[in-house]
Structures are given as structure tokens and as C-alpha cells.
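Input: a single structure, listed below in C-alpha cells.
The values are calculated or read from the model by the stated rules, or taken from the named source; none is laboratory data. Computed from a prediction, not measured in an experiment: that's the story for all the values here. Cβ sites come from the backbone with ideal geometry, for glycine too, and all protein chains shown count toward neighbours. Ligands, DNA and RNA are stripped out before the accessible areas are found, and what is left, the full protein with its side chains, is counted by its heavy atoms. Shrake-Rupley method; radii C 1.70, N 1.55, O 1.52, S 1.80 Å.
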Amino acid sequence: APVPEIKVPPSQGPQRNPLFTMPGSGAKDQPKKPFRLSADEVVAFVSTLGTKKQLQELVAEGDVRVLQDGETPKDKGVDIIGDMLNLVYHPLGNRIWVLGTRRSAQLQVGELTLVGPKIDIDQKDNTAAVDGVGAMKMPSNTSFDGGAPAKEGATITIHWNKDMLFNG
């Protein structure tokens, strides 16, 4: 039987980090686009303070897919694919692990795409790590010919054979 779709609201905490800020973390007067999550099994831990509910941790396993529409027509939003997802809330930015066991995990946030066996995003510290062989595609505003400006819409794709750590 198909698993019902669970809608997870975006983080309510402030986001400092321009590279890994999830869409929907903009102005507070704007309604935020919901995350759509599907998986074989989902466990969510939610805290309540007065009338406010806050997702503290989410664990999803089995054919995990997370989608969030972009805030604008040009914004690609969020698309996460993996066999396991763990999200831990922090007021300054969430920690997200995506694991691919049968296939590579994939995390796409806006123009940034990461692919590899295990992806670790720490929004608070503005880091991304991939354990194992993988690739990263991201926008580039400079070219390789001495720092001249790149054409609008230019991207860079980086492949590695072992591990990758991207620090801000």
C-alpha cells in the first residue's frame, strides 16, 4: 500500500547561512512552502511550547523523497532522494544526513546539487560533507581564466574519488 504523504513545515528558526539556507526561510510575513515527504517509515519528534509546535528530529527510511517548491519561479526549491534521511532541528540551522545504500543519495537545494553515498549538511556551521565518491554542482560567478566574471547561469561541477568537505 502507498505510504501517505506527510507535510513537514520548514524550520521556524533563523537561518544565517546563504549557501545551505533552505527555501522558505525568508521574510516572516510570507507563507512558507511546505515540504512534501514520502518514505516507507517515518518517525518525527515534535516539541510543544504553549501553542507552538516545533519539529525536533525526523527520521525517514526506505525510498525517501523530500520536495519543496521554490519561493520564486526561478528557484528550484528542494529535492532530496535517498534510502534514509535524518534531520535534527537547531534554531540557527538544521543538520541533515541523507544516506544512499541501494543508490547514491542526492540533495538539491536551489542551484546546489550534491551526490554521494552519505551527505551531511550542517546549516548552522555552513558545511557540507560527502563520505565516498561523489559530485557537487553549483553556480559559479567567476571563470577559470584569471577570475573574469562568468556568463550568467554558469555552473561548476566537481567530482571526487574519496571524500569531500565544503566549508562555507
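Rundown of residues vs (1) hydrophobic (A, V, I, L, M, F, W, C); (2) at pLDDT below 90; (3) closer than 28 Å to Ile156 by Cα, yes/no style:
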site	(1), (2), (3)
Pro14	no, yes, no
Lys28	no, yes, no
Val46	yes, no, no
Gly82	no, no, yes
Gln108	no, no, yes
Filter result (open to solvent by 60 Å² or more (accessible area, probe 1.4 Å), within 13 Å of the chain's Cα centre (by Cα) and either over 18 Å from Gly116 (Cβ atoms) or of a type in the set (Ser, Thr, Tyr) (or both)) within region 54-100: Asp69, Lys76
Cβ pairs under 8 Å, 6+ apart, first in region 44-59 and without any contact (Cβ under 8 Å) to a residue 24 or more places away in the chain, second open to solvent by 80 Å² or more (accessible area, probe 1.4 Å) and aliphatic (A, V, I, L, M): Lys53/Val46
Meets criteria (under 11 Å from the mean Cα position of the chain (by Cα), open to solvent by less than 60 Å² (accessible area, probe 1.4 Å) and on the phi < 0 side of the Ramachandran plot) for Leu112: yes
Some residue of region 129-143 being touching a residue at least 60 places away in the same chain (Cβ under 8 Å), within 21 Å of Tyr89 (Cα to Cα) and of a type in the set (A, V, I, L, M): no
Residue pairs meeting the criteria (Cβ under 7 Å; at least 6 apart or on separate chains; first more than 19 Å from Lys53 (Cα to Cα), in region 83-111; second of a type in the set (Phe, Trp, Tyr) and at pLDDT below 95): Val109/Phe20
Odd one out for Lys124 among (1) over 26 Å from Ser47 (Cβ atoms); (2) of a type outside the set (Phe, Trp, Tyr); (3) open to solvent by 40 Å² or more (accessible area, probe 1.4 Å): (1)
Qualifying positions in region 128-156 - open to solvent by 40 Å² or more (accessible area, probe 1.4 Å), among the β-branched types (Val, Ile, Thr) and modelled with pLDDT of 90 or more: Val133
